[in-house]
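Working notes for the structure below.
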Amino acid sequence: MAKKTEIILFFLDFALPLPIKFTNIVLFSMTTSDSIVIIPTYNEKENIEKIIRAINALDKQFHILVIDDGSPDGTAAIVKRLMQEEFAGGLFLLERPGKLGLGTAYILGFKWALQHDYEYIFEMDADFSHDPADLPRLYAACHDEGYDLAIGSRYVSGVNVVNWPMGRVLMSYFASKYVRFVTGFKVHDTTAGFKCYRRRVLQTIELDKIRFRGYAFQIEMKFTAYKIGFRIKEVPVIFVNRREGVSKMSGGIFGEAFLGVMRLRWDGWTRRYPKIV
C-alpha cells in the first residue's frame, strides 16, 4: 500500500466557543514523494499490476506515472482500477490514442513530472527487465552522492544480462561500443532505459528539440546531458529479459539508432548546448 502523510489541524482551547477540545483532527490524507517513475506501456496487462505493486512495496516512496499508448489488451483499465482502489495520490495515468513512440511518451512524462514539482524523475520498463529493487540505488546516486543522472548499467561491470538471446546481447553490447567510438561518449551502456534524472537536467535539456523517437532517444538524452556538463554515474544492474508479454523491439529501432549516432556526433561539433540551470 502507498505510504501516507496526514495533514493535521489543531484547535486551540481558547478559540472555541464551547467547552470541547478538538485535537488531531485529520482533514485529509495524501501520499507524498520527491520521486516519480515513468512507465510507458503498450499491451502490458500481464505485468503492469505486478510492477506497480513491486514499486509500492519498497521502503522508499516512489510515485508512478503510466503512459499508455491505447493498449487494446486493457492495460489502462488495470491502472485505473488500482488508482481507485489502492494507490490514489501515488499512481497516475496518461492515455494516448495509439503507438506514438517511446521518446514522445517519455517527453510527455518529463513535462508532466516537472509541472508537478518532482525532484527525481525515473525511466523504467513495465516488464521487470528493470528490477524495482534497484530504484533506491539510482535514487541514492543522485540524492546522496549528488550526481545529476544515474544510469542502471548492464555493461559497466562486465555484461550483466540474463535470458537474452546471444544475438541480441551482442547487438546491444556492440551498439554501445559503436556509440562510444563515434561520439567519444564515455558511458558504457549508452542505450540503457533505466535511469534517474534530477529535475534540473530535464529543465535544462530542450526537450522539444529531442528528435529521436525509438532506441536512439535513449542515446540522445544521455549524450545531451553529457554535452551540457551534467555529472553522470553508471550504477551496475542485472537486466533480465521479460518473462511475460511481447517485446516491442524492431529492426527499424536499431536502424534509427545507427544513423542517429552520426547525427549526434555532428551535433557535438556544431550545436550550441544550453547552460546548466
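The values are calculated or read from the model by the stated rules, or taken from the named source; none is laboratory data. What you see is a predicted model, and the numbers here were worked out from it, not measured in a lab. Neighbour counts run over all protein chains shown; Cβ positions are idealised from the backbone, glycine included. Areas reflect the complete protein model, heavy atoms only, side chains present, ligands, DNA and RNA absent. Shrake-Rupley method; radii C 1.70, N 1.55, O 1.52, S 1.80 Å.
Assuming a ≥ b ≥ c are the square roots of the Cα gyration tensor eigenvalues, decide whether region 33-123 counts as rounded (a/c under 1.5), prolate (otherwise, with a/b larger than b/c) or oblate.
oblate
If you build the Cα gyration tensor of region 96-185 and take the root of 5 times each eigenvalue, what three semi-axes come out, in whole angstrom, biggest first?
Taking √(5λ) for each eigenvalue gives 25, 19, 15 Å, largest first.
Sort the following peptides by mean Cβ neighbour count (other Cβ atoms within 10 Å, averaged over residues), highest first: 57-67, 146-156.
Ranking the peptides 57-67, 146-156 by packing returns 146-156, 57-67.
Greater than 21 Å separation of Cα atoms is the criterion. Which listed pairs, Lys111/Lys233; Lys99/Lys222; Lys195/Lys233; Lys195/Lys222; Lys60/Lys227; Lys177/Lys275, meet it?
Lys111/Lys233; Lys99/Lys222; Lys60/Lys227; Lys177/Lys275
Which cross-chain or sequence-distant (5 or more) residues have an amide H under 5 Å from the amide H of Gly152, H modelled 1.01 Å from N in plane?
Result for Gly152 returns Phe194, Lys195, Cys196, Val235.
Give me a comma-separated list of calculated 3J(HN,Hα) values for region 170-176, in order, Karplus coefficients 6.51, -1.76, 1.60 applied at θ = phi - 60°, integers in Hz, x for any Gly or Pro.
Whole-Hz 3J(HN,Hα) from phi for region 170-176: 5, 4, 5, 5, 6, 4, 5.
Can you give me the accessible area per residue for region 165-239, using a 1.4 Å probe, in Å²?
41 Å²
Counting alpha carbon pairs within less than 8 Å and at least 6 residues apart, what relative contact order, in whole percent, applies to region 155-208?
Relative CO of region 155-208 lands at 30 percent.
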